[in-house]
Amino acid sequence: MTAVPAITLNNAVQIPQLGFGTFQIPPEDTRETTLAALEAGYRHIDTAEMYGNEKEVGQAVRDSGLDRADVFVTSKLNNGAHAHDDALQAFGRTMDEFGFDYLDLFLIHWPLPGKGDFVETWKALEEIYRSGRAKAIGVSNFQPHHLRRLLEGSEVVPAVNQIEAHPYLTQDDVRAFGAEHHIVTEAWSPIAQGKVLDDPAIKRIADRVGKTPAQVTLRWHIQRGDVVFPKSVTQKRIEENFDLFDFELSEGDIGEISALDRNERTGPDPDRFNG
């Protein structure tokens with residue numbers, strides 16, 4: 001089985017660069033699908049309280065027979081818990097759902113600029129981090145101006161920023177700000193909900209290297225240094241998305257794919273979304 005590269009976060013925690021996403025997987029399908037991903041070799045599972053399937057992810061990790069320490073699990077704070085005490089209570093619910101002693105990574109899911117104060121919310125995550133119940137903490141969908149405000153009012157630098165990113169939305173400014181401050185970028189919707197798979201440039205590269213357009217796109221993320229977690233509920237696609245480490249894209253390929261950027265989102269704009 002091919003080993004997945006690991007990235008060292010700013011607190012020395014190691015995170016597998018390829019993970020498995022569980023967004024929009026119904027709870028009744030989550031356990032079996034997550035087990036299939038773990039069997040295929042994934043050792044990084046991404047979920048959120050909002051997804052409603054934390055309990056099933058926890059059950060899959062236990063049923064896999066793998067040591068808890070060998071599976072990196074991420075979850076995210078629900079949007080209705082953007083206050084210090086609410087965030088602490090929400091994390092407690094999350095841990096009850098998982099049935100874990102600790103979480104590898106816990107994120108603020110959205111900045112929600114029109115609701116509450118994400119800096120105050122972040123202070124609750126700092127408490128969780130210091131307690132050891134989360135090995136690392138971070139944010140999701142934060143723009144550079146959100147991150148600047150967070151850094152000015154807090155003590156712990158986020159370990160990651162999970163953002164929508166794909167060839168049609170390369171997010172170079174957010175990624176550059178993250179790199180400057182040692183914040184790792186994670187990419188959700190890495191193939192733009194399938195929109196990029198019919199792009200002529202990506203199809204041409206895929207034909208040349210003998211891989212699928214999805215594999216080429218995910219490999220582009222890997223070579224950019226993103227942490228990426230594709231989602232699928234089919235065994236074949238789960239395995240295909242894991243098969244990224246027996247080929248490399250050239251610098252020209254990377255540049256050609258990056259040039260497809262058109263600032264096109266498939267999800268909400270973080271500056272307008274208030275959940």
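The values are calculated or read from the model by the stated rules, or taken from the named source; none is laboratory data. These numbers come from a predicted model, not from an experiment. Here the Cβ positions follow ideal geometry from the backbone for every residue, glycine too, while neighbour counts run over all protein chains shown. Side chains are part of the model used for accessible areas, which takes the heavy atoms of the whole protein and leaves out ligands, DNA and RNA. Shrake-Rupley method; radii C 1.70, N 1.55, O 1.52, S 1.80 Å.
Observations
- On Cα atoms only, tilt of 213-224 relative to the major axis of the chain in degrees: 60
- Rounded to 10°, Cα long-axis angle of helix 84-98 versus longest principal axis of the chain: 60
- Taken over the range 1-135, the ratio of Cα radius of gyration to 2.2 N^0.38 Å equals 1.04.
- Label-point separation in nm, residue 180 to residue 8, each point 7 Å along Cα→Cβ: 2.4
- Here the relative contact order of the range 129-275, from alpha carbon pairs under 8 Å that lie six or more residues apart, stands at 25 percent.
- Taking 7 Å steps out from each Cα toward its Cβ at residue 93 and residue 274 produces label points 2.1 nm apart.
- Entries of 55/203; 55/123; 195/236; 211/231 with Cα pairs more than 29 Å apart: 55/203
- Charge dipole of the range 64-194 (Cα centre as origin; +1 on each Lys and Arg Cβ, -1 on each Asp and Glu Cβ, all else neutral): 100 debye, rounded to the nearest 20.
- Gain upon complete extension [residue 130, residue 115; 0.36 nm per residue less C-alpha separation]: 2.8 nm
- Surrounding net charge for residue 186, when Lys and Arg each add one and Asp and Glu each subtract one, Cβ distance under 14 Å: 0
- When the range 81-216 is described by a simple charge dipole with +1 on each Lys and Arg Cβ and -1 on each Asp and Glu Cβ, the residue from 105, 206, 146 located farthest towards its positive end is 206.
- Taking the longest Cα principal axis of the chain as reference, the axis of helix 27-40 is set at about 60 degrees.
- For the chain, the residue among 61, 177, 90 whose Cα projects farthest onto the positive side of the dipole built from Cβ charges is 177.
- Each Lys and Arg adds +1 at its Cβ and each Asp and Glu adds -1 at its Cβ; summed about the Cα centre, the chain shows a dipole of about 160 debye.
- Between residue 261 and residue 148, the FRET efficiency from the beta-carbon distance, with R0 = 25 Å, is close to 0.60.
- On the basis of the beta-carbon distance and an R0 of 41 Å, residue 248 and residue 101 show a calculated FRET efficiency of 0.60.
- Mean ellipticity per residue at 222 nm, deg cm²/dmol - from DSSP H runs of n ≥ 4 across the chain, formula -39500 (n - 2.57): -12000 deg cm²/dmol
- Förster-model FRET efficiency, 30 Å R0, residue 172 and residue 193, C-beta, rounded to 0.05: 0.90
- Backbone phi angles across the range 238-252, fed through the Karplus curve with coefficients 6.51, -1.76 and 1.60 (θ = phi - 60°), yield HN-Hα couplings of 4, 5, 4, 5, 7, 8, 10, 10, 10, 8, 9, 8, 6, 4, x Hz in residue order; Gly and Pro are listed as x.
- Per-residue SASA remark: residue 229, around 10 Å² accessible (1.4 Å probe; ligands, DNA and RNA not included).
- In the context of the full set of protein chains, residues of the chain present 42 Å² of accessible surface per residue (probe radius 1.4 Å, heavy atoms only).
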